[in-house]
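Notes follow once the structure below has been shown.
The values are calculated or read from the model by the stated rules, or taken from the named source; none is laboratory data. All of these numbers come straight from a predicted model, not from anything done at the bench. Cβ sites come from the backbone with ideal geometry, for glycine too, and all protein chains shown count toward neighbours.
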């Protein structure tokens, strides 16, 4: 499978069109979203490459690395608006951190005290993540931060935290 991916890359690079694209976010947007493959960030929001800085992780959660990236994006890459966009039917809403730890233990694995940021209450998690970004002192004043939910069944996006 990996060889197939490298072959596909050869074909892609033959018509590569992003050379020279500025590193700044042309639309001033940073999007934090889930790694779920049902999410197509650019297409679903009418964006094109270069419009936005996109950060993805399990659950679209705000972590220390997301905060680090947002500081860089706002200081150097023209970001003025941040959207935390989680989604319906996320696997992290169906389990708890202890469920994950038990699963890993059953496979002979462990992650120490690493939180998995599961979301038994998705709206509360989204509100907490938005508040974490809004209250983070290393971001410039005036940055707009909202919390959105993407519906994996119909492709719609709804504003949850304004």
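Overview of results
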| item | result |
| --- | --- |
| Pairs where the first residue, in the range 118-146, is at positive phi and assigned to a loop (DSSP other than H, G, I, E, B) and the second is at pLDDT 95 or above and surrounded by fewer than 18 Cβ atoms within 10 Å (Cβ to Cβ), C-beta under 9 Å, 6+ apart | 142/80 |
| When residues of the range 43-79 are limited to those that are within 12 Å of the chain's Cα centre (by Cα) and part of a helix (DSSP H, G or I), the one surrounded by the fewest Cβ atoms within 10 Å (Cβ to Cβ) | 65 |
| Near pairs, Cβ below 6 angstrom, 6+ apart or cross-chain, from the range 94-116 (over 21 Å from residue 62 (Cβ atoms)) to any residue that is modelled with pLDDT of 95 or more and in a helix (DSSP H, G or I) | 110/104 |
| In the range 132-162, the residues that are in contact with a strand residue (DSSP E or B) (Cβ under 8 Å, 6 or more places away or on another chain) and farther than 19 Å from residue 29 by Cβ | 151, 152 |
| Unique match (being closer than 26 Å to residue 162 by Cβ and modelled with pLDDT of 95 or more) among 21, 47, 6 | 47 |
| Hey, residue 47 touching a helix residue (DSSP H, G or I) at 6+ places or on another chain (Cβ under 8 Å) and free of Cβ contacts under 8 Å to residues at least 24 places away in the same chain or not | yes |
| Residues being buried (at least 18 other Cβ atoms within 10 Å of the Cβ) and within 14 Å of residue 60 (Cα to Cα) - total across the range 129-144 | 3 |
| Count of residues meeting criterion [under 15 Å from the mean Cα position of the chain (by Cα) and either within 27 Å of residue 74 (Cα to Cα) or not in a loop (DSSP other than H, G, I, E, B) (or both)] in the range 1-42 | 13 |
| Residue within the range 92-110 that is out of contact with any helix residue (DSSP H, G or I) (no Cβ under 8 Å at 6 or more places or on another chain), at pLDDT below 95 and either part of a loop (DSSP other than H, G, I, E, B) or closer than 28 Å to residue 25 by Cα (or both) present | no |
| Qualifying positions in the range 80-91 - within 16 Å of residue 149 (Cβ to Cβ) and not in a loop (DSSP other than H, G, I, E, B) | 82, 83, 84, 85, 86, 87, 91 |
